[in-house]
């Protein structure tokens, strides 16, 4: 009889709050930092995530994600590997604008998104398909080195997190965008391996709920 390997776990963790988050501003790949509240969120979440006993932590190289990752890494004695492929979606001209300003100044693009078109955000930014390509490649690299029964933590951003999770579980990106709410700041998704497939075991989990 074949021995069944212990299932692996992947935590996809969104960074803590920034002042841009609090103000409803599109950050995209702007390199903003955690607010005081965001730093507190990261410390609280890290206290919970230690229970997963992670063996690897990989973060977007943007500061808000890397600092969030460091709050966990310092607790479990692991380094943080930075990977630019885990950055947030590049939002082109929208970066630095409020959601209201984007809706007002880019009505055609907003209409296209509502109609299900996966356009490049802000004219010269990225589409979800492009984000899925790079984030999935980064996740696959992490998982290729994760031992049976192990846990990896990926620290990333709101759009990037939902995109990579959808890709891993085989969910159409537009359907995921329409049907799955985004992760709150410093909340995470827990994915577990079942055979050769990944499933979402928990979504939008935060320290305050545990």
- Item | For the chain, calculated [θ]222 nm from helices alone, where every DSSP H run of n ≥ 4 adds -39500 (n - 2.57) | -12000 deg cm²/dmol
- Query: By per-residue mean of other Cβ atoms within 10 Å, what is the highest-first order of 81-90, 152-161, 45-54?
  - Reply: 152-161, 81-90, 45-54
- Helix 36-49 sits at what angle to the longest principal axis of the chain, using alpha carbons and giving 0 to 90 degrees rounded to 10? 30 degrees
- Item | Rg in Å to one decimal, and Dmax rounded to a whole Å, for region 1-76 via C-alpha atoms | 15.2, 58
- Which angle between 0 and 90 degrees, to the nearest 10, do you get for helix 63-76 versus the longest principal axis of the chain when only C-alpha atoms count? 20 degrees
- Task: For a quick protection proxy, order the peptides 173-179, 65-71 by their average other-Cβ count within 10 Å, most packed first.
- Result: 65-71, 173-179
- If you find the alpha carbon centre of region 127-154 and of region 178-210, how far apart are they in angstrom? 15 Å
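Relative contact order of the chain, please, whole-number percent, based on alpha carbon pairs below 8 angstrom and at least 6 residues apart.
Values: 413 pairs, mean separation 64.2, N = 210.
Result for the chain is 31 percent.
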- Note on the structure: Rounded to a whole number, the Stokes-Einstein D of the chain in µm²/s (Kirkwood radius over Cα pairs; 10 °C; 1.306 mPa s) is 91 µm²/s
- Task: Between the alpha-carbon centers of region 62-116 and region 1-42, tell me the distance in whole angstrom.
- Result: 10 Å
- Measure nothing but the geometry: give the 0 to 90° angle between the long axis through the Cα atoms of 158-169 and the longest principal axis through the Cα atoms of the chain, rounded to 10°. 50 degrees
- Query: Percent antiparallel among DSSP beta bridges with both residues in the chain, to the nearest 5?
  - Reply: 50 percent
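Rule-based calculations on the coordinates, nothing more; no lab input. On a predicted model such as this, the values are computed, not experimentally measured, just so you know. No Cβ is skipped: glycine too gets one built from the backbone with ideal geometry, and neighbour counts run over all protein chains shown.
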